[in-house]
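One structure is given below, encoded as structure tokens.
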Amino acid sequence: MKQLIDLSTWPRREHFAFFSKFDEPFFGLVADVDCTHAYAEAKRLGVSFFLYYLHLALQAANEAEAFRYRIEDGQVYCYDRIHASATIGRPDRTFGFSFIEQHDTLAAFVAGANAEIEAVQQSFGLRLNDTTGRPDVIHFSAIPWVRFTGLTHARSFQFPDSCPKISVGQTYQEGATLRMSVAVNVHHGLADGYHVGLFLEAFQRLLSQS
């Protein structure tokens, strides 16, 4: 479900009009999060750490309303719930796109995600289709081989895109703390640094208390 935003009364209407004219309307930043507790909890539960933090990242993205905004045919909509289109690796070092539905419980999320991961790993190519290309998703990728401090995305400026893009890097030890870099790229017509901060604040809270 989605709700149409009334642009005539929307406080961001000028921001939206201004940045939507840019060839590259996305901006991004990278921040580190403390994932010490979340990593230990995933191991205790016997759950993939990737799926554990992906579930929490989707919770945080759904909390941040700006991350649920999408541009469709020049209009702005707010989705009730968003999910993940994550890149899933295969043994041959290629990857495919996926659609991983968000669920309220970790168990239901992991069950659905594992089924989708299996489908990707048994397939070939990118898996570009109406499901993996849904607008009500976060584009998500994990780069566990690299501790990055910056990140860019391949983008076609001719293709209308307003989905936030979240990437995580390699975990690393800093004293007694396990940390991980998170890159967040969003359409500037829909969100500012403040809204990215809200997402990161929610993500860190969930990582620390889950």
Given points 7 Å out from each Cα along the Cα-Cβ axis, report the residue 192 to residue 147 separation in nanometres with one decimal.
3.4
Checking segment 1-83 for chymotrypsin sites (Phe, Trp or Tyr not before Pro) in a loop per DSSP with at most 13 other beta-carbon atoms within 10 Å yields 22
Using alpha-carbon positions, what is the distance between the centroids of segment 22-95 and segment 166-199, in Å?
10
Kindly list the residues of segment 68-90 that lie in the label zone of residue 119, defined by a backbone N under 15 Å from the point 7 Å along the Cα-to-C-beta vector.
83-88
Label points 7 Å out from Cα along the Cβ direction at residue 90 and residue 1: separation in nm?
3.8
Exposed loop trypsin sites (Lys or Arg not before Pro) only (DSSP loop, at most 11 other Cβ atoms within 10 Å): please give the longest stretch of the chain free of them, not including the sites.
94-210
Against the empirical 2.2 N^0.38 Å scaling, what ratio does the C-alpha Rg of segment 41-82 come to?
1.58
To one decimal place, what orientation-averaged projected area in nm² is obtained for the convex hull of the Cα set of segment 110-210?
8.8
What are the equivalent ellipsoid semi-axes of segment 1-146, built from the alpha-carbon gyration tensor (square roots of five times its eigenvalues), in whole angstrom, biggest first?
30, 19, 16
Starting at the first residue of segment 125-135, write each ³J(HN,Hα) from the Karplus equation 6.51 cos²θ - 1.76 cosθ + 1.60 with θ = phi - 60°, in whole Hz, x for Gly and Pro.
x, 7, 6, 7, 7, 5, 7, 6, x, 4, x
Restricting to the chain, compute how many DSSP beta bridges are antiparallel as a %, nearest 5.
80
Ratio to report: Rg/Rh of segment 64-152, with Cα atoms as the point set and Rh obtained by the Kirkwood method; give two decimals.
1.00
Here the relative contact order (percent) of segment 84-210, from C-alpha pairs under 8 Å and at least 6 apart, is 19
Taking only the alpha carbons of segment 117-163, the radius of gyration and the largest Cα-Cα distance, Dmax, both in angstrom, are 13.4, 33
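Quick note: the coordinates plus some simple rules give every number you see, no bench work behind them. The model shown is predicted, which means the values in this text are computed figures rather than measured ones. Methodologically, a virtual Cβ is constructed for each residue, glycine included, from the backbone with ideal geometry; neighbour enumeration extends over all protein chains shown.
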